[in-house]
Amino acid sequence: EHLQKAAAAAGFSRVFMQYEPVAAALDYELRLPRPQNVLAFDFGGGTLDVTVMRLGGGIEPVILSLDGEPIGGDNLDFRIMQGKLLKYFGLGVTLGPQRREFPRHILDRITRWQTIRDLNNPQTMEFLRDAEVSGSNPRAIRALRTLINNELSLALYEAIERAKIDLSTAEEARIRMFNRDIAINERITRLEFERLIVAELQAIGVCVDRAMAASGLRPEQIDVVLR
């Protein structure tokens, strides 16, 4: 609905919607002098979409298969946060003389940048002030309070993303963030990263295999993988 309204406001009278990987393949088709079998692999922030198409050379484009998974870059950031950075914000902290475990639901909220803001409420902030006094690691609780109070979730996840991008070409990277009470300088290797995202990698492989099977083509019949 938002896209339809935006197009109308821009002056378009006839608007057609298309699946994202199909649209990408149709754009690629504009440069194709002869027909090809194309697998379009559209990996975004929140979803993976895959299509196999026959197109190019003036033939009518044919969608041979469509598939997808709710997996994207945000899932990979989540794994890095979960596996490498929670210790900076309360993981392992115990509270009071009974050494109660730090609440898991709070840690779960900070593993995604979209849900950190849910913690910015009087009840949670009062709990964290008390936890800073009674907890085994006041510095980590102070960092968590700073993250929430100063709305630094986007800055934190941008630092995670920078390291993730670096790992595309380097064997290791650093996740760095220094802001008020937050001091992070965490090393992550490509091997660690691949181990953290093994479930996502397997699901992505299954999705591509399904799309190939549904297309009726063999892998060697694919001319181009469009990323």
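For the range 207-227 versus the range 13-87, the inter-centroid distance based on Cα atoms is 13 Å.
Within the accessible area of the chain, what % is carbon and sulfur when the probe is 1.4 Å and the other protein chains stay in place?
Of the solvent-accessible surface of the chain, carbon and sulfur hold 50 percent.
In this structure the range 163-227 gives 63 Å² per residue of accessible area when probed at 1.4 Å with all protein chains present. Given all pairs of different Cα atoms, what value in angstroms does the Kirkwood hydrodynamic radius of the chain take? About 20.7 Å for the chain. Taking 19 Å as the cut-off, the amide N atoms of the range 58-90 that come nearer than this to a point 7 Å along the Cα-to-beta-carbon line of R187 belong to 80-81, 83-88. Loop-located chymotrypsin sites (Phe, Trp or Tyr not before Pro) in the range 87-119 (DSSP state not H, G, I, E or B) with no more than 10 neighbouring Cβ atoms inside 10 Å do not occur. Of I175, I165, I141, the residue with the greatest mean-square motion in the GNM of the chain, using alpha carbon springs below 10 Å, is I165. Listed peptides 126-139, 41-54 appear in the order 41-54, 126-139 once ranked by packing, highest mean of other Cβ atoms within 10 Å at the front.
If R0 equals 22 Å, the separation of the Cβ atoms of H105 and N179 corresponds to a calculated FRET efficiency of about 0.35.
How far, in nm, would the chain grow between A8 and I165 when pulled straight, counting 0.36 nm per residue and subtracting the alpha carbon separation? The partial results should precede the final answer.
On the way: separation 157, 0.36 × 157 = 56.52 nm, distance 3.68 nm.
Difference between extended and current length: 52.8 nm.
Treating each Cα of the range 164-227 as an identical point scatterer and summing with the Debye formula, the log10 of I(q)/I(0) at q = 0.12, 0.21 Å⁻¹ comes to -0.53, -0.93. Label-to-label distance for L226 and I59 is 1.5 nm, based on points extended 7 Å past Cα in the beta-carbon direction.
What value, in deg cm²/dmol to 500, does the helix sum -39500 (n - 2.57) over DSSP H runs of n ≥ 4 give at 222 nm once divided by the residues of the chain? Don't jump to the answer; show the numbers that get you there.
On the way: 10 runs with 100 residues, N = 227.
So the calculated ellipticity at 222 nm is -13000 deg cm²/dmol.
For the range 1-73, the gyration tensor built on C-alpha atoms gives an oblate shape. Its axis ratio a/c (a ≥ b ≥ c) is at least 1.5, and a/b is not larger than b/c.
The values are calculated or read from the model by the stated rules, or taken from the named source; none is laboratory data. Just so it is clear, the model here is predicted, and its values are computed rather than measured. All Cβ positions, glycine included, derive from the backbone under ideal geometry; neighbour counts span all protein chains shown. Side chains included, ligands, DNA and RNA excluded: accessible areas come from the protein's heavy atoms. Shrake-Rupley method; radii C 1.70, N 1.55, O 1.52, S 1.80 Å.
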